[in-house]
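Input: a single structure, listed below in structure tokens.
The values are calculated or read from the model by the stated rules, or taken from the named source; none is laboratory data. Note that this is a predicted model, so its numbers are computed, not measured. Cβ placement follows ideal geometry from the backbone for every residue including glycine, while neighbour counts extend to all protein chains displayed. Heavy atoms of the whole protein, side chains included, go into the accessibility calculation; ligands, DNA and RNA do not. Shrake-Rupley method; radii C 1.70, N 1.55, O 1.52, S 1.80 Å.
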Amino acid sequence: MKKYIIGPNMKKDGLFAGNKFPRDIIDICRKKGYIPVYIHEGYIKKRAWEFIEDYYHLLKISPRSQVIYIDRVHPNLARKIVFFILKNKKADIIPLLEDIDPLRDSTISKRQKEKAIKKLNNSKYIISQNKKMSNYLKENNVFVPTLELNVLDFLSSKSVNPIVKNKKFNIICYGGNLSLSQSGFLHNIKVRADDNIRYYVYGKGEGKNNLPNFVDYKGSFSAENCVGNLKGDWGLVWNGSSLKVNVKDSKSKYYDYVSPHKFSMYAVCGMPVIVSTTSAMAQFVIENRCGIVIDNIEELPKIINSISAEKYLQYRSNILKIACKASKGAYTEEILNEIGKE
């Protein structure tokens, strides 16, 4: 049986996960014998000739093949074409869920969301990001067997020095899309002078402007160059405008179901992570003792100032173990090996 991986042919040096993640997945699958089939990425509106080109590439897939498809679960025409062709070729379709757009896109109607999610029932297996995402699918009437990545791989040939010289661990790093909808919480943080906490912020977007005086904007660079350039003692995995969990903020609730790419980015940079108690990563962080779990960002000064150097270094040692796997593609490889056994 021939094996294929369908995904976008992304350029290197992109700023966000939408660029690096699919490229890494394709590289990992290629090493395991999967043949890449490139289609135009779907984050922007496609032109007519791009649909035709995608259709032509998809027709080259052999009948009754095993096909992994990097899927955003969006009710768009590009995705419908992929499922239509693969179904006609009687392929074993295995969506690898890069995203579930109905979770965060308020412009998608309820009917469109239901149709987009239920299309996953045409799959042989689903590669989900984590158990909470798998449970979300079941709650929405998707009953295909799922396999969970838990952590998104972040390929990198660079590594950080496991030894740290500083004695204070009070710099919180936040890197990613600095749109106000995703990082608006940065403008709501309040820190007192005696809290001994600073924030380093990296990325592009309007959210970099008019930040509080204890939040330092440090510029932007590609995801490829984060190791050695991203500075901080802790990596903050947060989304939306609220400082608290359990709010009616779709951007904030989105992290309750996904394994954010920035989690892996912080890991390869040697930073223990900070996640919310409701996030999909909370249980993983607790079990692997690789960071702290909070209900409210305003809790951080008290929590961080109470952590001993010994405890911090243990967190760091544990996050580096995760980084070792993620930087080599081990989490995806484990799933591919499971599929191979089946």
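Work out from phi, with θ = phi - 60° and the Karplus expression 6.51 cos²θ - 1.76 cosθ + 1.60, the ³J(HN,Hα) of each residue of the range 287-294, listed in order in whole Hz, and give x for Gly and Pro.
Karplus values, whole Hz, x for Gly and Pro: 5, 9, 6, 10, x, 10, 10, 9.
Once you sort the root eigenvalues of the Cα gyration tensor of the chain as a ≥ b ≥ c, which label holds: rounded (a/c under 1.5), prolate (a/b larger than b/c) or oblate (the other case)?
The shape class here is prolate.
Compute the accessible area per residue over the range 27-68, keeping the other protein chains in place, probe 1.4 Å, unit Å².
For the range 27-68, the solvent-accessible area averages 63 Å² per residue.
Rounded if a/c is under 1.5, else prolate if a/b is larger than b/c, else oblate: which is the range 34-159, with a ≥ b ≥ c the root eigenvalues of its Cα gyration tensor?
Because its axes are fairly even, with a/c under 1.5, the range 34-159 counts as rounded.
Working out 0.36 nm times the residue gap between Q314 and Q283, then minus their Cα-Cα distance, what length gain in nm do you get to one decimal?
Stretched out fully, the Q314 to Q283 stretch lengthens by 9.4 nm.
Find how much the distance from D27 to N196 grows on full extension, using 0.36 nm per residue of separation minus their present alpha carbon separation; answer in nm with one decimal.
56.6 nm
Residue separation times 0.36 nm, minus the C-alpha to C-alpha distance between Y217 and E333: what's the value?
Gain on extension, Y217 to E333, equals 38.1 nm.
In the range 1-131, what percent of the accessible surface is made up of carbon and sulfur (1.4 Å probe, ligands and nucleic acids excluded)?
Carbon and sulfur together cover 54 percent of it.
Solvent-accessible area per residue for the range 213-292 at a 1.4 Å probe radius, Å²?
Accessible area per residue, the range 213-292: 35 Å².
Starting from the Cα of S179, step 7 Å toward the Cβ, then list every residue of the range 86-119 with an amide N under 12 Å from that point.
104-107
Using label points projected 7 Å from each Cα along Cα→Cβ, tell me how many nm separate N166 and K89, to one decimal.
Label at N166, label at K89, 5.0 nm between them.
Need one number: nm distance between label points at L59 and Q112, each 7 Å from Cα along Cα→Cβ, rounded to one decimal.
2.9
Considering only protein heavy atoms and a probe of 1.4 Å, how much of the accessible area of the range 180-315 is carbon and sulfur, as a whole percent?
45
To the nearest 0.05, how large is the calculated FRET efficiency for N121 and K11 if R₀ is 30 Å and r is the Cβ-Cβ distance?
The formula returns an efficiency of 0.35 here.
Pull out a ≥ b ≥ c, the square roots of the eigenvalues of the alpha-carbon gyration tensor of the range 165-280, then state rounded if a/c is under 1.5, prolate if not and a/b is larger than b/c, and oblate in the remaining case.
Judged from the Cα gyration tensor, the range 165-280 comes out rounded (a/c under 1.5).
How much mean residue ellipticity at 222 nm does the chain get from its helices, if each DSSP H run of length 4 or more adds -39500 (n - 2.57) and you divide by all residues, to the nearest 500 deg cm²/dmol?
Dividing the helical sum by the residues of the chain leaves -10000 deg cm²/dmol.
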